[in-house]
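The values are calculated or read from the model by the stated rules, or taken from the named source; none is laboratory data. Because the structure is predicted, anything quoted here is derived from the model rather than measured. All Cβ positions, glycine included, derive from the backbone under ideal geometry; neighbour counts span all protein chains shown. These accessible areas exclude ligands, DNA and RNA; they are computed on the full protein's heavy atoms, side chains included. Shrake-Rupley method; radii C 1.70, N 1.55, O 1.52, S 1.80 Å.
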Amino acid sequence: LTHVEHVFFADVDRCYFTVKSDLLTRLETLATGSKKLFNDEGSPAAPIHKRLKERVESLGGGYNGYRLRSFRQKGKLSLQAVVFAPFSGDLSRQSYAEFDIDLGNPGDGLQGFFIHLGELLSPSKTNHIKLRDKLAKDPRIGKYLCYQLISNVEA
C-alpha cells in the first residue's frame, strides 16, 4: 500500500487506484530481481483490463503517451496489478492501477488457465464482498486484508 494514493473506483472483483508514479518501477524490480516475485506480462490481453484506461479517461485530463502494463504475482492464488502509466517513465505525471486477486493463475498450467478463464467469464467467482470471510480465515491472506464489511450503514 506504500504506492497507493487513493481508491477512485471499487468493483466486486477489482479496485482502481491513483498510485505514486514509482509503482511501475517497483513492479519492474519485483519482476526482474533475484526472487522474481512477479511476471511482467506486458500489455494485458483481456478486454476487462481496458476498463482501467476507460475509467481513468472518464476522470478527464490528457493521457497521450500512457500505456497499460500487467504484472502477475507467481503462485496459484495471484495478485494481478495492471498499471496505466506514461510510456516514457515520466515520474512527474500521475499513474493509475487496477488490483485484483485471481483464484487461478493462467501461467500456472492448464488448471490455472481454466480457473482464470472461468473468473473472466464470471466475475462473481472473485467477488471480494462474498469472499471476505473465506479470505479472512486463510492465514496467508487474512493478515493482509485491508477492508471489512459493515452490514448496517445509515445513509
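Just a few scattered comments:
- Flag for H6 being at pLDDT below 85 and not hydrophobic (A, V, I, L, M, F, W, C): no
- Test: T2 is under 29 Å from K134 (Cβ atoms), among the hydroxyl-bearing types (S, T, Y) and open to solvent by 60 Å² or more (accessible area, probe 1.4 Å): yes
- Once the stretch 31-49 is narrowed to residues that are modelled with pLDDT of 90 or more and not in a strand (DSSP E or B), the residue that is farthest from F84 (Cα to Cα) is T32.
- Cβ-Cβ under 8 Å pairs, at least 6 apart or on other chains, the stretch 15-37 side more than 26 Å from S58 (Cβ to Cβ), far side open to solvent by 30 Å² or more (accessible area, probe 1.4 Å) and part of a strand (DSSP E or B): E28/D40; A31/N39; A31/D40; T32/D40; L37/Q73
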